[in-house]
Structure formats: structure tokens, C-alpha cells
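FYI, it's all coordinate maths here, none of it is from the lab. What you are looking at is a predicted structure, and each value in this text was computed from that prediction instead of being measured. Heads up, the Cβs are rebuilt from the backbone with ideal geometry, glycines too, and the neighbour counts pull from every protein chain shown.
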Amino acid sequence: MPQRRDLRHPRRGPSPTSSDPPRGKPLKSPRAWLRLPRIHWRSPELWSRLWLLSLAAVGAIAAIILLDLVWREADRSGTSADQLTAASLGEKPQRAVTVLVIGSDADKLQGPSSGAAPAGPANGDALILVRVNPEGPLQILNLPVDLAVMLPGQSEPQRLGDLYRQGGIALTADVLRELLGLRAPAPDRYVVLPRRVLRQVVSEMGGLEVSPPRTMRYEDKSQKLKIDLQSGLQRLNGVNVEHLVRFKDKWLGEAGRRQNQELVIASLWEAMAQPKTLVRLPELLEAVEGQVDTNLSLEEALSLLAAGLDDERPIQFTSLPLEPIKESHGGLRQLSISNDGSLWKAP
């Protein structure tokens, strides 16, 4: 016969007398283990047991449902495209938040050279202030990088786009705060985007539908840059979108570049609001997290996107009033101050 464990001492293993039957009434046959006591269907004991079994079954089902809700992975990719909204990205901020976005002319952060003209460390190739207001439309102030600014202790004006190379985010933010009359701590956050990130994001989104206003052709062998874009509505890949925002018309100059940048921003914003892209935004942000310089957390970025994309009103683009170009200014633009001295009014 197979040996039986001593139930009185389960950790000690079988005892020398384990072949002896356990104390108590002996079993007539092994099948006695399977015999159930006869209970009449009207017996209170039967209904009591059925009630307990029902409670146990309901409790087990409820436990499974609760565990599934608590431990289910927050995967937005399984969300129905028809039900997904921008508000599902995160909780909206309680107040307006201003973000300084610097489009770097470098291909990647902390590179020894920008790989663009002029050669050397990265410059601010695009300077944009974004104001996300949970109670209003998205506001964007596209700043001229060729604006003349005078720094304390210097006798010659500086180009606004060069401030990032000279003093980084801190100097750029301080000058803009003084220039526009912003209240500290505005700009609240900052993002520095290299060219590679723009290409990657656009490519991951499957391109952008943009309508370049004119044919654009330019070649610079020193930068290994060749731009060849046709006018009219078309879907551009990441490389072509980069070419569009970098193109500088010889007649329109930096003003034309800002117009092209606003075309891309509007198209990018419209594409991100589509359900098929909304569901991937957290993934896209995580993919470029180590390639951008920012003090925005992932949760804060999703919060700002939730507020901005949830508003159906068009983006409010604003530009600074500028004086006509004069040779005496060395090719730099001068501000034309309005009567009330306000350059960017809060909503």
C-alpha cells in the first residue's frame, strides 16, 4: 500500500507506523471518500449550502472584475477610435500655461556643430511662444529670429535667434519676458526641438497634408541640403516638412519662413487631433523623450495637449509689429511699439 503522511506532523514526513489507519472510525473502502451525505431537498441545511455557494460564486466573479479593473494596463491603443477624445489624454491645467518652443537648427542635441548655416553651435532657428488656456483657444506667437535686441553691457544689438547659442534657455527666456512684458514665471515651460525630432514625429504620423504656397527650390552643398518642393496640397514626409520650415525665400526672407512654419503647425495640430493619432500621442512623446531638451514631464505634456486639442476653435497666430527693414539696422528687424505698449495680450 502507498504510504500516508502523518497528518499530525505534516513537516516531519511519514512516520514508521504510517501504515496504521488514522484514529477514529475506520473506512470500509476508498470510495467512502466520495460519498456525500443524503440531504432531503426541503432540508434547511440544503438551502443554506446552496445560499453559501451562490454567495461564493458571486464573490468570485466580483473579485475577478475588480482585479481586472485595478491591474489592467492603461493601453489607449485598444480604445475605440469613435469614442476617443483629446480630453482622455490627461487632466487639463487649472490655468493658462505658456511654453517656449525653440526649433534648433542642429540635427540633434549637444552636437559639436549645428550642421547648418551659419556653421557652429546650435542657434534658435524658430522661436515660438505657445499659450495653452483651458478656457480659450490655443495661442501662438511666432517670434522673428532676426529681431534686434540690446543686451545689458553691450553696445551692439544682438539677433534674437542667437541668444540660445550665447546663453541657452535662461537668456532667451529672460529677454522674451522683458521684451513682451510677461509676468514671471512665464514662460512656464520650455521645449528645444532638434531637426531630427521633427522628421521623426512627422514620419511616425504618416506624413502631413500641407499646401506650400509656391514652388521652393534651394541647394547648399556645404550643408548637404537640397530642397525641391512643388506648390499645392500634398502629403509631405518628415524630410520634406523639415525642408518646408527651413526654406528661406529670397524675396520674403524670414517673414516667409514664419508663414511656412505656421502652415506646418496648423497641419500638425489638425493631424494630432485625429483619433488614430490621439491614441498614439503618449507613445510618440515617450519615443522622443531623450531627444529633446525640456522641463515638461510626460504628464504635463499630455495635460497641455488635452487642453489644446480639445478646443475646436482654430489656432490664434500672432506676430510682432515690425518696422520696415533698413540697411542701417544691419539687416535686423526693429519693433514697432503699439500705443498701449502691449505686444502679446493674454485672453
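Quick notes on this structure:
- Computed over the alpha-carbon pairs of segment 263-347, the distance histogram in 10 Å steps reads 13, 30, 26, 22, 9, 0 percent, short to long.
- Over 25 Å apart at the Cα level, from the set LYS221/LYS250; LYS108/LYS345; LYS224/LYS276; LYS92/LYS345; LYS108/LYS224, are LYS108/LYS345; LYS224/LYS276.
- Loop chymotrypsin sites (Phe, Trp or Tyr not before Pro), segment 244-288 (other Cβ atoms within 10 Å of the site Cβ: 13 or fewer; DSSP): TRP251
- Projected label points at ILE337 and VAL239, each 7 Å from Cα along the beta carbon direction, are separated by 4.8 nanometres.
- Charge sum, other residues only, whose C-beta stays under 12 Å from SER267's C-beta, Lys/Arg counted +1 and Asp/Glu -1: -2
- Of the trypsin sites (Lys or Arg not before Pro) found in segment 138-195, those in coil by DSSP whose Cβ has at most 15 other Cβ atoms within 10 Å are ARG183.
- The GluC sites (Glu not before Pro) of segment 269-335 meeting both criteria, a DSSP state outside H, G, I, E and B (loop) and at most 11 other C-beta atoms within 10 angstrom of the site's C-beta, are GLU312.
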